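Some notes on the structure that comes next.
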Amino acid sequence: MEKTVRAEMEKLSVEQLKAVKEQTDLEVNLLQDSLNNIRTATTRLELASSALHDLSLRPQGKKMLVPLTASLYVPGTLQDPDQVLVDVGTGYFIEKNMPQAKDYCDRKISLLKSNFEQLVEVASKKKSISDEAGLVLQAKLKQLAPAAQ
Amino acid sequence: MGSSSALRELQRELETKTNDHSKIQKDISKNHQVRKKYTIQLGENELVLKELDLLSDDANVFKLIGPVLVKQDLAEARANVRKRIEYITAELKRLDATLQDMEEKQNSKKEAIFKIQQRIQSLQAGKAKA
């Protein structure tokens, strides 16, 4: 497989190779961005999951400080530690109890992880193609350089 | 001189054709952007629908409208999300059709430009000989 890609690339002209390299570089960057997005989303869900765990340890009626802004806190009591609202996206919120909410987080995390693994595979393939194109391009340019002199 | 005025004519034609071509290219990239937005929304809506379908019928569902959470009927919420998915898929299909149309136009424009360039070249070559 690797060999055939290389052989195909040897046939291309310098301009075509440049275009191929640019195109694949663009795609690699795009995939890298997607991977970063998935990573941040996963950390956010993991944070939510640990916050849920934290919440489940508190007894009902527990006194606490609720952040209204980053620097303004008001005192409050924990009314019901078992019922939570989950933002599922597009403006919908679903009331869940603790195990359901944890299950939701775990499901989302595993979904993201499987997506991440698939993307990593695609990205590394693209990256190797782009590297290959770069190598062939450089070799061609080197060949052309003495001929021009 | 006949040939130079013909040349000017061709060059003017080439210019308008290239303008058209770049305009189509801009439209295509705009189409790509809109499509990307819709694809993201479609994915999000599908995830939401999956969650809603997993719920038991007595679950409480709320919708964020501006700054307030409004309680919603679960069946209604499901129907809403389904309708939205339908709408977005239809919209994506429509965008696909227009994109194909535009790509065809772009290719024909490219060909036309190429032909004019060839004619200009042959005219110039003829003039150089003369």
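The values are calculated or read from the model by the stated rules, or taken from the named source; none is laboratory data. Quick caveat: nothing in here was measured; it's all calculated off a predicted structure. Cβ: placed from backbone, ideal geometry, glycine included. Neighbour counts: every protein chain shown. Note: accessible area is taken over every heavy atom of the protein model, side chains too, but ligands, DNA and RNA are not part of it. Shrake-Rupley method; radii C 1.70, N 1.55, O 1.52, S 1.80 Å.
Residues being more than 14 Å from chain A (Cβ to nearest Cβ) and either touching a Lys or Arg at 6+ places or on another chain (Cβ under 8 Å) or β-branched (Val, Ile, Thr) (or both): count how many of those fall in the stretch B:64-95. Steps first, answer last, please.
Initial filter on the stretch B:64-95 (more than 14 Å from chain A (Cβ to nearest Cβ)): B:86, B:89-95.
This time we only want the ones that are either touching a Lys or Arg at 6+ places or on another chain (Cβ under 8 Å) or β-branched (Val, Ile, Thr) (or both), so: B:89, B:92, B:95.
Residues that pass the stated criteria total 3.
Residue by residue through the stretch A:16-58, note down the ones that are in contact (Cβ under 8 Å) with a residue 12 or more places away in the chain, under 23 Å from A:Leu78 (Cβ atoms) and open to solvent by 90 Å² or more (accessible area, probe 1.4 Å).
A:His53, A:Arg58
Being away from chain B (no Cβ under 14 Å) and either within 20 Å of B:Leu42 (Cα to Cα) or of a type in the set (Asp, Glu) (or both) is true for just one of A:Leu31, A:Leu112, A:Leu52. Which residue is that?
Numbers: A:Leu112 fails: away from chain B (no Cβ under 14 Å); A:Leu52 fails: either within 20 Å of B:Leu42 (Cα to Cα) or of a type in the set (Asp, Glu) (or both).
Answer to the check: A:Leu31.
Could you say whether any residue in the stretch B:46-56 is within 25 Å of B:Leu14 (Cα to Cα), free of Cβ contacts under 8 Å to residues at least 24 places away in the same chain and among the hydrophobic types (A, V, I, L, M, F, W, C)? Talk me through it step by step, then tell me what you get.
Just the residues of the stretch B:46-56 that are within 25 Å of B:Leu14 (Cα to Cα), to begin with: none.
Scanning the stretch B:46-56, I find no residue that is within 25 Å of B:Leu14 (Cα to Cα), free of Cβ contacts under 8 Å to residues at least 24 places away in the same chain and among the hydrophobic types (A, V, I, L, M, F, W, C), so the answer is no.
Condition check: farther than 30 Å from A:Asp106 by Cβ and of a type in the set (Val, Ile, Thr). Does A:Thr43 satisfy that? Talk me through it step by step, then tell me what you get.
Numbers: farther than 30 Å from A:Asp106 by Cβ: no; of a type in the set (Val, Ile, Thr): yes.
Against the criterion (farther than 30 Å from A:Asp106 by Cβ and of a type in the set (Val, Ile, Thr)), A:Thr43 does not qualify.
Does B:Lys30 satisfy the criteria of being touching a helix residue (DSSP H, G or I) at 6+ places or on another chain (Cβ under 8 Å), away from chain A (no Cβ under 11 Å) and open to solvent by 100 Å² or more (accessible area, probe 1.4 Å)?
On the way: touching a helix residue (DSSP H, G or I) at 6+ places or on another chain (Cβ under 8 Å): no; away from chain A (no Cβ under 11 Å): yes; open to solvent by 100 Å² or more (accessible area, probe 1.4 Å): yes.
Spelling it out, it is not the case that B:Lys30 is touching a helix residue (DSSP H, G or I) at 6+ places or on another chain (Cβ under 8 Å), away from chain A (no Cβ under 11 Å) and open to solvent by 100 Å² or more (accessible area, probe 1.4 Å).
What pairs come out if I take residues in the stretch A:83-103 that are facing another protein chain (nearest Cβ under 8 Å) and pair them with residues that are of a type in the set (S, T, N, Q) and open to solvent by 20 Å² or more (accessible area, probe 1.4 Å) whose C-beta lies under 7 Å away, six or more apart or interchain?
A:Glu95/A:Gln83; A:Glu95/B:Asn60
Are there any strands (runs of 3 or more DSSP E) wholly within the stretch A:1-105 with 2 or more residues that are under 30 Å from B:Ala77 (Cα atoms), and if so which?
Details: elements: A:63-67, A:73-77, A:83-89, A:92-97.
Output list reads A:83-89, A:92-97.
Quick check on A:Glu27: is it within 30 Å of A:Arg107 (Cβ to Cβ) and among the acidic types (Asp, Glu)? Quick ask: steps written out before the conclusion?
Numbers: within 30 Å of A:Arg107 (Cβ to Cβ): yes; among the acidic types (Asp, Glu): yes.
For A:Glu27, the condition - within 30 Å of A:Arg107 (Cβ to Cβ) and among the acidic types (Asp, Glu) - is met.
Considering each of B:Asp20, B:Asp53, B:Asp58 in turn, give the residue that is over 30 Å from B:Asn107 (Cα atoms), more than 11 Å from chain A (Cβ to nearest Cβ) and modelled with pLDDT under 95. Full working, then the answer.
Working: B:Asp20 fails: over 30 Å from B:Asn107 (Cα atoms); B:Asp58 fails: more than 11 Å from chain A (Cβ to nearest Cβ).
The match here is B:Asp53.
How many residues does the stretch A:68-115 hold that are more than 27 Å from the chain's Cα centre (by Cα), open to solvent by less than 60 Å² (accessible area, probe 1.4 Å) and either modelled with pLDDT of 95 or more or farther than 14 Å from B:Leu55 by Cβ (or both)?
Going through the stretch A:68-115 one residue at a time, the tally reaches 4.
Here's the yes/no breakdown for (1) within 26 Å of A:Val88 (Cα to Cα); (2) more than 14 Å from the chain's Cα centre (by Cα); (3) not aliphatic (A, V, I, L, M):
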| position | (1), (2), (3) |
| --- | --- |
| B:His21 | no, yes, yes |
| B:Val34 | yes, no, no |
| B:Phe62 | yes, yes, yes |
| B:Thr98 | no, no, yes |
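Considering only the stretch B:36-60, how many residues are open to solvent by 90 Å² or more (accessible area, probe 1.4 Å) and β-branched (Val, Ile, Thr)? Please lay out each step first, then the result.
The initial filter retains those residues of the stretch B:36-60 that are open to solvent by 90 Å² or more (accessible area, probe 1.4 Å), namely B:36-37, B:40, B:46, B:50, B:54, B:57-58.
Retained after the next criterion (residues that are β-branched (Val, Ile, Thr)): B:40.
Residues that pass the stated criteria total 1.
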